[in-house]
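Inspection log for the structure reproduced underneath, given as C-alpha cells.
The values are calculated or read from the model by the stated rules, or taken from the named source; none is laboratory data. Model, not experiment: these values are computed from the prediction. Quick reminder, even Gly has a Cβ in these numbers, built from the backbone with ideal geometry, and neighbours come from all protein chains shown. Heads up: the accessible areas ignore ligands, DNA and RNA and are worked out on the full protein's heavy atoms, side chains in. Shrake-Rupley method; radii C 1.70, N 1.55, O 1.52, S 1.80 Å.
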Amino acid sequence: MVKSPRMAAGNGVFYPIVGFATCLAFIYMSFGDLWVNYSKEPELSFVRRNGTRFTLDGGMFYINGWNSYWLMDHAADEYTRPRVREMLQAGAKMGLTVCRTWAFNDGGGYNALQISPGRYDERVFKGLDHVIAEARQQGIRLLLCIVNNLKAYGGKTQYVNWAWEEGIGLSSSNDSFFYDPSIRIYFKNHVKTLLTRKNTITGIQYKDDPTIFGWELINEPRCQTDPSGDTLQDWIEEMSMFVKSIDKKHLLTVGLEGFYGPKSPKKSTVNPGDWAADLGSDFIRNTQISTIDFASVHIYPDHWFHDQEFEEKLKYIKKWTVSHIEDCDAELKKPVMFTEFGLSNLNKDFEPSKRDQFYKVIYDIIYKSAKRKKSGAGSFVWQFLVGGMEEYNDDFGIIPWDRPLTYQLITKHSCKLAAVQGVLPSQKDHLKELCPRTR
C-alpha cells in the first residue's frame, strides 16, 4: 500500500511520540517511587537545645531511639533498598523518633562512599539521599555519624593509610588521624562535602534539612598514644568549630563512650576499670566545649566486665547511667544521650529476658529524668535489623517484633515519654494503637 503524504507525515511524528512515551514509562517504573512518595514533604522543624533539654516546636523532646548503622549501605543497592523503608516504618510504628546511622564508608570496600580523599561514589551518596528522604516520610529524624574510630567501614585507619600511601603521612599510627595536618584536611573536606550535599531527591542541602537531628563527629574516639587527652581534645575543638562554621542549625556531639579522664575524680569510682582513664578521652573535658551541644555515652558491660554476674552488671549500669546524668545536670548543663547500649547473647547464662531487664533499667532512668525535667534526654538500642540480615548482625542485634515482650517494653517506653512531652504529629496515628491513654 502506498502511503499518502498526510499518513507519512503523521507516522513521522507518531514514532518519536511513542518512543518518548515509552521512555517516560520506563523512567516512571524505575523512579516513580520517588516522585510519588516524596512530592509532598512533611513539615518538620529543627530540634533545638535549651539548657539541659532538647526542644521541638517550643515543647520538650525526649528520645526513644535506635541504631541501624547499615541504612546507607542498603539504600545504595536497589535489591536491598526496601529494607530501609521497612526498618524506618517499623521504628515509627514503635513510637521511636530518632535513628542513629553511619554517614561514612571510607576506602575501597563494597558500597564505599568516599573511595579516596575527596572522591565519592555518587551511587552510594544517592543511597544516603534516599535514607534521609525516606526518614522524613516516616517522621523519623537521623543522628548521622561522620567517621569511625574503629576499622569497620574504613574509619580513621583508612585516613591514615591514604596519607601514608601518598607519602605525606607523618606516622603510620592510627592515632595520627587526630594530629596529622594532611589528614585533618582530608577530614574537613569530607565534612564540608557531607554538610553541603544537596539531596538529589528532596533538593535540600543536608545542613538545611531538619530531618537530620544532629551530627556525631566520630564513633567512640580513643587516642591511646596520648593518655593525657590533649591530642583528642585539640582535634574535637578544631573539628567542632569547623562543623559549626558551615552548619549552625544542627546539634553536634562528639560520639564518646563516656569514660572519665585521668584528671577526673570519678575515674576510680565510676569508670569500669583503671584502663578506661588511659584511652585519651575524657567525658567532662571533651563535652564542655561550647561547640558541642550534647553529651553521648555508650553502655556495654559485657565488653567491660568478663567475670561479673548479671545482677552486678545491672547494679553497675545504674551507677554509670545516673552518674552521667548528674554530671550533665550539675556541671555540663547539657542534655545527655545514651547513644548505644546492648547486652551480648554470647554470655554463657544469656536469656532474652535478661536483655529485657537490661533495657528496662536504662529506660526507667531516662523516664525518671524526663519526668523531673533533667538532662537524661534519650537512649538508642544497639542495634535493630529486619529479617534476612544475618550477615549484618552481631551479638547485640535484634529484630524487635520477633519477641513480643521486648517489643512491648520498647513501645511502652515510647508511650511513657509521650506522656511527658506530648504526642508528636508523626506519632499520632501509631500511638493511638500503642497507648490510647496518651494525649
Expected vector for segment 152-158, Karplus 3J(HN,Hα) from phi with 6.51, -1.76, 1.60 and θ = phi - 60°, integer Hz, x for Gly and Pro, equals 4, 6, x, x, 5, 4, 5
Expressed as a whole-number percentage, the relative contact order of segment 246-374 with C-alpha contacts under 8 angstrom and at least six residues apart is 24
In segment 345-439 the accessible area split gives carbon plus sulfur, as whole percent at 1.4 Å, a share of 50
Using eta = 1.002 mPa s and T = 20 °C, Stokes-Einstein with Kirkwood Rh from Cα pairs puts D for segment 49-107, in µm² s⁻¹, at 161
To the nearest Å², the heavy-atom accessible area per residue of the chain with 1.4 Å probe amounts to 44
Rounded to one decimal in nm, the spacing of the 7 Å Cα→Cβ label points at S245 and T225 is 2.5
Ranking A75, G118, L88 by how far each Cα lies towards the positive end of the charge dipole of segment 74-131 (+1 on Lys and Arg Cβ, -1 on Asp and Glu Cβ), the top one is L88
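Provide the percentage of antiparallel DSSP beta bridges, counting only those with both residues in the chain; round to the nearest 5.
Values: 8 of 39 bridges.
Once the DSSP bridges in the chain are tallied, antiparallel ones form about 20 percent.
With +1 on each Lys and Arg Cβ and -1 on each Asp and Glu Cβ, how big is the dipole of segment 261-365 about its Cα centre, in debye rounded to the nearest 20? Mind showing how you got there, number by number?
Numbers: 14 positive and 18 negative charges, 44 e Å.
My answer is approximately 220 debye.
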Expected vector for segment 256-267, Karplus 3J(HN,Hα) from phi with 6.51, -1.76, 1.60 and θ = phi - 60°, integer Hz, x for Gly and Pro, equals 5, 7, x, 6, 8, x, x, 9, 7, x, 8, 4
Neighbours of F396 by Cβ distance under 12 Å: Lys/Arg at +1, Asp/Glu at -1, summed charge -3
With the charge dipole of segment 264-359 built from beta-carbon charges (+1 for Lys and Arg, -1 for Asp and Glu) about the Cα centre, the Cα from N271, F310, T287 projecting farthest to the positive end belongs to T287
Of the listed pairs K318/K368; K267/K416; K313/K416; K188/K249; K93/K360, those with alpha carbons more than 23 Å apart are K267/K416; K313/K416
For the chain, longest principal axis from Cα atoms; helix 310-327 axis from its Cα atoms; angle between them, nearest 10 degrees, is 80
Once amide hydrogens are built 1.01 Å from N within the peptide plane, the residues lying 5 or more places from Q205 or on another chain with amide H under 5 Å from its amide H are N199
Given backbone amide H placed at 1.01 Å from N, residues whose amide H is under 5 Å from that of Y120, ignoring those fewer than 5 places away on the same chain, are I115
Once amide hydrogens are built 1.01 Å from N within the peptide plane, the residues lying 5 or more places from V381 or on another chain with amide H under 5 Å from its amide H are G65, W66, N67
Using a 1.4 Å probe on heavy atoms of the protein chains only, the accessible area for E351 in Å², nearest 10, reads 90
In order over segment 347-359: 3J(HN,Hα) from phi, Karplus 6.51/-1.76/1.60, θ = phi - 60°, whole Hz, x for each Gly or Pro, gives 4, 4, 9, 5, 9, x, 5, 5, 5, 4, 4, 4, 4
The local net charge around S116, scoring Lys/Arg +1 and Asp/Glu -1 for residues other than S116 whose Cβ lies under 12 Å from its Cβ, equals -3
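Kindly state, to the nearest 0.05, the FRET efficiency for D274 paired with L346, given R0 = 25 Å and r defined as their beta-carbon distance. It would help to have the intermediate numbers written out before the result.
Numbers: r = 25 Å, r/R0 = 0.99.
Calculated transfer efficiency: 0.50.
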Inter-part gap, Cα centre of segment 359-430 to Cα centre of segment 110-126, in whole angstrom, is 32
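Is the C-alpha gyration tensor of segment 149-304 telling us rounded, prolate or oblate? Criteria: a/c under 1.5 is rounded; beyond that, a/b larger than b/c is prolate, otherwise oblate.
On the way: a/c = 1.98, a/b = 1.29, b/c = 1.53.
Here segment 149-304 falls in the oblate category.
Å³ per residue of the Cα convex hull, for the chain? The partial results should precede the final answer.
Details: hull volume 81.5 nm³, N = 439.
Hull volume normalised by residue count: 186 Å³.
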Computed for the chain: size of charge dipole around the Cα centre, +1 on C-beta of each Lys and Arg, -1 on C-beta of each Asp and Glu, debye to nearest 20, value 1980
